[in-house]
Amino acid sequence: MANPLSYLHDQLEQWRQEGTYQRLRVLESESAAESRFDGKEVINLASNNYLGLTTHAKLRAAAIEATRQYGVGSGAVRTISGTMSLHMELEERIARFKNVEACVVFQSGFAANAGTVAAILGPEDHIISDELNHASIIDGCRLSKAKIHVFPHKDVEAADKILADLESVPGRKLLITDGVFSMDGDIGPLPGLVEAAERHGAIMMIDDAHSSGVLGRNGRGTVDHFNLHGRVQIQVGTLSKAIGVLGGYVCGSRELIEFLYHRARPFLFSTSHPPAVAASCIAAFDVLEQEPERIQRLWDNTKCFKAGLTAAGFNTGMSETPITPVIVGEAALAHRLSRELFQEGVLATGIGFPTVAKGKARVRTIVTATHTRQELDRALEAFRTVGKRLGLI
Ligand SMILES: *Cc1c(COP(=O)(O)O)cnc(C)c1O
């Protein structure tokens, strides 16, 4: 009998020919500034572990203690019997940290975005969305069946115009943007977007996955960075990046959170976090308050590394944060740059279509607070060597 999945083989073959087929790199140590992947020690510029919390002693201890006390699983979804006191404690902790009424935690940032947008809007509603918003926002928009209006990247005027044109059209309006864009590292024009949302009575939603723990006082995110407290109805964050563990959350009014308890499908139909995850996230928020020097080091390293790449002549796009892309154009070239950097002792991932637009393929770097200056210098040396070899600089 013919294999009914043979078209997958054909597609994989095509990707191999094009040089965009990707093998998974396997991490054989902790996720840290230097890690072992596929048997090789490399400087890790490919994690979202901004503050080095994946291996922080306080988070480890909290996870172990919670496991000892409460076991390894929650046993159910939140709405059946899987809401543990640790989950409630974490949500209250985040709400206080973000200066909002309430918070609900999801299994991931992806689930938080997709679950929230799909829950609060329906087919008669409208979403006004930046063209570079994260895939989880896009999927949430599609799931909601609302009409999607995409505006050019960071174009406040265009967003305002769409909202103005929709003024007399029935349905709710949601204006949605990433706080920091994950592939370019630039910051969303939040003050302008918030004003546009207010002018037209739209709901404002911000995805702060890459800004929580990075921007704002003690890493409170972009709403704090721009001092927009009380003017953004829905703030999403992740516990999987700077927080170092796993999960996503939504912050807003008590009523928003209670509504999501009743209607957000990942909340209703997927099991809640293990106790170790909730406990280590709580510990992470303590660390954010107690060790602000981590954020300072993150930004010192960011400035140093970005300056080094620019001085070498690489195209680093419009980055303003610890995410610095090295844009090369074709996906095959990005993957080649990544492979050769790995041989020189640096892990930085090649990223092409569909994660970024065709012709904008890149190697994305993310420095962390725990990289030493010497590690960054070695990484820059590797970039210069391979960049010259490939004719990029
Ligand atoms: C990573 C990311 C997410 C998803 O977060 P996870 O917790 O990894 O699921 C959502 N939005 C943006 C902008 C991200 O970069």
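For segment 130-171, what are the residues that are among the basic types (Lys, Arg) and surrounded by 16 or more Cβ atoms within 10 Å (Cβ to Cβ)? Lys147, Lys154, listed by residue number. Taking segment 244-257 as the range and being in a loop (DSSP other than H, G, I, E, B) and more than 9 Å from the ligand (Cβ to nearest atom) as the test, the residues that pass are Gly244, Val245, Ser253.
For the residues Ala307, Ala279, the requirement of being part of a helix (DSSP H, G or I), in contact (Cβ under 8 Å) with a residue 24 or more places away in the chain and either more than 20 Å from Gln22 (Cβ to Cβ) or in the same structural domain as Leu215 (by TED's automatic domain parsing) (or both) singles out Ala279. A count restricted to segment 327-358 and to residues that are more than 19 Å from Gln17 (Cβ to Cβ) and in a loop (DSSP other than H, G, I, E, B) stands at 6. Determine if segment 308-320 includes at least one residue that is surrounded by fewer than 24 Cβ atoms within 10 Å (Cβ to Cβ), in contact with a Pro (Cβ under 6 Å, 6 or more places away or on another chain) and not charged (D, E, K, R). Looking through segment 308-320, at least one residue is surrounded by fewer than 24 Cβ atoms within 10 Å (Cβ to Cβ), in contact with a Pro (Cβ under 6 Å, 6 or more places away or on another chain) and not charged (D, E, K, R). With respect to being in a loop (DSSP other than H, G, I, E, B), of a type outside the set (Lys, Arg), outside the structural domain of Asp139 (by TED's automatic domain parsing) and at pLDDT 95 or above, Thr324 falls outside the description.
Of the set (1) within 16 Å of the ligand (Cβ to nearest atom); (2) among the β-branched types (Val, Ile, Thr); (3) part of a loop (DSSP other than H, G, I, E, B), all apply to Thr54 but (3). A residue that is farther than 29 Å from Asn227 by Cβ, aliphatic (A, V, I, L, M), more than 16 Å from the ligand (Cβ to nearest atom) and outside any loop (DSSP other than H, G, I, E, B) cannot be found anywhere in segment 95-105.
On the stretch given as segment 177-221, residues that are more than 11 Å from the ligand (Cβ to nearest atom) and outside any loop (DSSP other than H, G, I, E, B) total 18.
Residues in segment 227-262 that are among the small types (Gly, Ala, Ser) and touching a strand residue (DSSP E or B) at 6+ places or on another chain (Cβ under 9 Å): Gly237, Ser240, Gly247, Gly248, Gly252, Ser253. Taken together, the criteria place Ile137 among residues that are within 16 Å of the ligand (Cβ to nearest atom) and either touching a residue at least 12 places away in the same chain (Cβ under 8 Å) or β-branched (Val, Ile, Thr) (or both).
Does any residue of segment 78-90 turn out to be touching a strand residue (DSSP E or B) at 6+ places or on another chain (Cβ under 7 Å), touching a residue at least 12 places away in the same chain (Cβ under 8 Å) and surrounded by 19 or more Cβ atoms within 10 Å (Cβ to Cβ)? Working first, answer last.
Residues of segment 78-90 touching a strand residue (DSSP E or B) at 6+ places or on another chain (Cβ under 7 Å): 82, 87, 90.
This time we only want the ones that are touching a residue at least 12 places away in the same chain (Cβ under 8 Å), so: 82, 87, 90.
Filter once more, keeping what is surrounded by 19 or more Cβ atoms within 10 Å (Cβ to Cβ): 87, 90.
Yes, segment 78-90 has at least one match.
Which one of these is surrounded by fewer than 22 Cβ atoms within 10 Å (Cβ to Cβ) and at pLDDT below 95: Lys303, Lys358?
On the way: Lys303 fails: at pLDDT below 95.
Exactly one residue qualifies, and that residue is Lys358.
Within 19 Å of Tyr249 (Cβ to Cβ) and more than 16 Å from the ligand (Cβ to nearest atom): is that true of Ala111 in this structure? Judged against the criteria, Ala111 is not a match.
The values are calculated or read from the model by the stated rules, or taken from the named source; none is laboratory data. All of these numbers come straight from a predicted model, not from anything done at the bench. Quick reminder, even Gly has a Cβ in these numbers, built from the backbone with ideal geometry, and neighbours come from all protein chains shown.
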